[in-house]
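Structure provided below as structure tokens; questions to follow.
What follows draws every value from the coordinates through simple rules; no lab data is involved. Quantities reported herein were computed from a predicted structural model and do not represent experimental measurements. Reconstructed Cβ throughout: ideal geometry from the backbone, glycine too, with neighbour counts over all protein chains shown.
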Amino acid sequence: MVSRVIPVDPFDLVIFGATGDLARRKIIPGLFHRFAVGQMPAGARIIGAARSEMNHEAFLKLIEDSLKEFVPKSAEQSAQIAAFLKSLRYVCIDATGEAGWRELGEHLRPETVRAFYLSVSPTLFGAIADNLSTHGLTTPQARIVVEKPFGRDLASAKALNADLSRVFDEGQIYRIDHYLGKETVQNLMVLRFANALWEPLWNSTHIDHVQITVAESLGVEGRGEYYDRSGAMRDMVQNHLMQLLCLTAMEPPSRFRPDAVRDEKLKVIEALDPVAPDSIARGQYRAANGEGGYRDHAGDPQTLTESFIAMKVNVSNWRWAGTPFYLRTGKKLRARTSEIAITFRDPPHMIFPKLEGRRGNALIIRLQPDEGITLRTTIKEPGPGGMRVVEAALDLTFADAHGPDVEAQDAYERLVMEVIRGDQTLFMRGDEVEAAWAWVDPIIRGWEETRERPALYDAGSAGPEDALMLLHRDGRRWRDLEP
Ligand code: BG6
């Protein structure tokens, strides 16, 4: 099976912060990949805008070097890189001042779709939006794309929404959560809403609990200072895990349209109960084997920020009351694994011998690595030993299902193309982000008041003991983090 490439209309894409890390590692390599597979139309323009004084040639050299560094097969693609570079331009711009805006306007074509991608600090969102407006660069067709973090609490998120909405309608604002661009995250919607199989079981009558795990094996080395201002709650839970929770828990939307989907996600966030402090475990990885611990990496020996969090969350609505969702995410854990595990209830009456260590039926949706789904079922143990049962996995690895010709698409390249198409389904709406902060804020405020130090855990472990206890006391256990 070969992936289908749906062409997009010509566009002018302005990337603010084009010389920065995200643009060089993800956004521009993603665009190059779309170009290489033939999705980028002739006449597409990518206009890099940044503070650095550099001429067009220096910018092209920077991007060429970045593509060579961050695109895996770039050595075999030098002709395509040369062709791709022809669509690039550079404007040196002062986000908060006057310089560069008129020149930027000269690169934009009146009738062409235009998108402004703000890969810059959120403190600049308002100034850039205002400058775009004062210099007459916005059109009804224009789109603005913003990166996370979208605020650090409800008040700052509201302020950012207000900054953007002075100039743009909600229908023009694309707030990125790159988890929504991941293949399996979208597959979750197809799995749920294109198969009649699951829906009758998808509720608290049949589902015992749900575990959502985003575990990382790397620490925060190199970005400790930034990370320390957020912690796992702001960096991962408020956005990525919340989105996974919403897609798992939401009601079927009436149409696959942006607002129909986002209305249902919002209802899930609004149905979340406040979380009591004893339903949360926080951790910091400790120093070991000559490697620094979280506090060393954060550069603050007293920091109380968490590099790990596990929590029990209740979605208080008709479908989910009585089925807890357990979320966990952290750095320096045993494995890099992201998955959603739906564990079903036991049969009401068991007529076969009890299986020691039985874990029960579960649907495991693997986001990374090795994307796919596994259905854990109970079968007869083979052989003449009587009717003894064992557990076995029905396994569907997407790469095997689709064959070797389907190339993986990075989340960013998919999301940028959705912006050009004008489809907001995979982007967060303003009210969604605010609702997520409204739920997270009191939890963080509680920690700020008690000033308790997060529990320590070993690098390469599954997190602190408290996180294990969170499930043990409910008679459940976390799935193993398998490397
Ligand atoms: C980012 C976080 O949003 O997501 C990082 O800021 C985290 O701390 C990253 O490492 C994880 O993304 P992925 O796609 O590697 O799972």
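Please work out the FRET efficiency for the pair Glu225 and Lys354, using the Cβ-Cβ distance as r and a Förster radius of 45 Å; give the result to the nearest 0.05.
For Glu225 and Lys354, the calculated efficiency is 0.30.
Follow-up. Could you tell me which residue out of Ala162, Gly231, Thr112 lies farthest along the dipole of the range 99-249 toward its positive end? Charges go on the beta carbon: Lys and Arg +1, Asp and Glu -1, centred on the Cα centre.
Of the candidates, Thr112 comes out farthest on the positive side.
Which value in nm describes the separation of the simple spin-label points at Met54 and Glu199, placed 7 Å from the Cα toward the beta carbon?
Placing both labels 7 Å beyond Cα along the Cβ direction yields 5.2 nm.
Using +1 at the Cβ of each Lys and Arg and -1 at the Cβ of each Asp and Glu in the range 268-394, identify which of Gly372, Tyr285, Gly385 lies farthest towards the dipole's positive end.
Result: Gly385.
For the chain, what is the percent of antiparallel DSSP beta bridges, rounded to the nearest 5?
If I count the DSSP bridges inside the chain, around 55 percent turn out antiparallel.
Tell me which residues come under 5 Å, amide H to amide H, from Ala287 once H is placed; ignore anything under 5 positions away on its chain.
Gly293, Tyr294
Give a residue-ordered list of calculated ³J(HN,Hα) values for the range 464-476 (Karplus: 6.51 cos²θ - 1.76 cosθ + 1.60, θ = phi - 60°; whole Hz; x for Gly, Pro).
After applying 6.51 cos²θ - 1.76 cosθ + 1.60, I find x, 3, 4, 5, 5, 4, 3, 8, 3, 5, 9, x, 10 Hz.
So which lysines can Lys26 reach, going by Cα to Cα under 25 Å and dropping same-chain residues fewer than 8 places off?
The reachable lysines, counting only those whose Cα sits under 25 Å from Lys26, are Lys61, Lys68, Lys73, Lys86, Lys148, Lys182, Lys331, Lys332.
Add -39500 (n - 2.57) for each DSSP H run of 4 or more in the chain, then divide by its residues: what number comes out at 222 nm, to the nearest 500 deg cm²/dmol?
Helix contribution divided over all residues of the chain: -9000 deg cm²/dmol.
While we're looking at this one, here's another question. Give the long-range amide H neighbours of Ser461: residues separated by 5 or more places, or on another chain, with amide H under 5 Å away, using H modelled in the peptide plane at 1.01 Å from N.
Those qualifying (amide H under 5 Å, at least 5 residues apart or on another chain) are Arg334.
Still on this model: Just check the range 387-454 against the gyration tensor rule for me: Cα atoms, a ≥ b ≥ c as the square roots of the eigenvalues, rounded for a/c under 1.5, and otherwise prolate or oblate depending on whether a/b exceeds b/c.
Verdict is oblate for the range 387-454.
Just how large is the dipole of the chain about the Cα centre, in debye to the nearest 20, putting +1 at every Lys and Arg Cβ and -1 at every Asp and Glu Cβ?
Dipole size: approximately 700 debye.
Enumerate the amide H contacts of Arg45 below 5 Å, restricted to partners 5 or more residues apart or on another chain; note that Pro and chain-start residues carry no placed amide H.
Counting only residues 5 or more places away or on other chains, the set is Phe11, Asp12, Leu13.
By how many degrees, between 0 and 90 and to the nearest 10, does the Cα long axis of helix 430-450 differ from the longest principal axis of the chain?
Taking Cα atoms only, the helix is inclined about 60 degrees.
Still on this structure: Taking the Cα centre of the range 194-313 as origin, work out the dipole magnitude from +1 charges on Lys and Arg Cβ and -1 charges on Asp and Glu Cβ, in debye rounded to 20.
180
Moving on to the next point. Determine ³J(HN,Hα), in whole Hz, for all residues of the range 332-342 in sequence, where each value follows from phi through the Karplus function 6.51 cos²θ - 1.76 cosθ + 1.60 and θ = phi - 60°; x replaces Gly and Pro.
With the stated coefficients, the range 332-342 comes to 6, 9, 4, 8, 9, 9, 10, 7, 10, 10, 9 Hz.
Within the range 179-206, list the residues whose amide N lies under 17 Å from a label point set 7 Å along Cα→Cβ of Thr425.
179-196
Something else about it: Please give the helix 154-165 orientation as an angle from the longest Cα principal axis of the chain, in degrees from 0 to 90, rounded to the nearest 10.
Tilt relative to the chain: about 40 degrees.
Turning to a different aspect of this structure: Roughly how tilted is helix 258-270, in degrees to the nearest 10 and between 0 and 90, from the longest Cα axis of the chain?
The answer is roughly 50 degrees.
Can you give the charge dipole size of the range 11-139 about its Cα centre, rounded to the nearest 20 debye, using +1 on the beta carbon of Lys and Arg and -1 on the beta carbon of Asp and Glu?
400
Work out from phi, with θ = phi - 60° and the Karplus expression 6.51 cos²θ - 1.76 cosθ + 1.60, the ³J(HN,Hα) of each residue of the range 6-21, listed in order in whole Hz, and give x for Gly and Pro.
Coupling constants for the range 6-21: 9, x, 10, 5, x, 8, 10, 10, 9, 9, 7, x, 5, 9, x, 4 Hz.
Arranged from highest to lowest average of other beta-carbon atoms within 10 Å per residue, in what order do the peptides 238-246, 211-219 appear?
238-246, 211-219
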